[in-house]
Amino acid sequence: MFQVNDSVLYGAQGVCTVVEIVEKEFGGVSAEYYVLCPVFDGKDTRVFVPVHNKALTAKMRRVLSKKEVLEIVGQMADMEPYWIGDENERKVRYKEILARGDRSLIRLIKALYLHGQKLEAEGKKLHIADSHFLKDAEKALYDEFAHVLELQRGEVLPFIVSRIEKSGVK
C-alpha cells in the first residue's frame, strides 16, 4: 500500500506524488482512492486510482532509489538493445514496455537510438511510430531519473553520458 507523499510511477502520467488517500463517490459508488499529482506535466491535474482495484494499482510502482538509478546508469553500456524486426510485433511489444514503465525502457531506447543512427547513415529516418516510442520512452525514463537525482529533465542525458564515459565505456 502506498502512503501520502510517496513518489510513484503511474502509466502515461509518469512520476506522481500521492497527495492524499480519500473516500470518494464516483458514479454512485463510494470507494477509497489514491489521489496522484503528476510531478512534471499537469501539476494541476489530479488522478484518482481506486485503492482496491488491482488492475489499476498494478500500474503504480515506487520510483527507484538514487542508488538503484546510479546502478542502472552504470549498467547501461552493457545492456543489449531490444530490437524487434517485425514492425507490427515491435509496436505491440513496445506499447507493453511503455505501459509497464520498467527497466526494459532502457533497452528499447537503445535499440531505437541505434536503429535511428543506422537509418540516418543510409539517409533515412525512423518510422513515425518508432520515433514516438523513442520520445515516450525517453520521457518516462528521464522524468524518473530527473526526479530521483534532483536534476532538470535536460540534465539527465548529459549526466548519463558523463557517467558512462567516466566508466571508460564509449
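Throughout, read-outs are computed from the coordinates displayed, never taken from laboratory work. Note that this is a predicted model, so its numbers are computed, not measured. All Cβ positions, even for glycine, are placed from backbone atoms using ideal geometry, and neighbour counts span all protein chains on display.
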Any pair with Cβ under 9 angstrom, 6 or more apart, that starts in the range 81-103 at a residue that is under 14 Å from Lys59 (Cβ atoms) and ends at one that is hydrophobic (A, V, I, L, M, F, W, C) and not in a helix (DSSP H, G or I)
Gly101/Leu9
Taking the condition of being under 25 Å from Tyr10 (Cβ atoms) and in contact with an Asp or Glu (Cβ under 9 Å, 6 or more places away or on another chain), how many residues in the range 112-138 meet it?
3
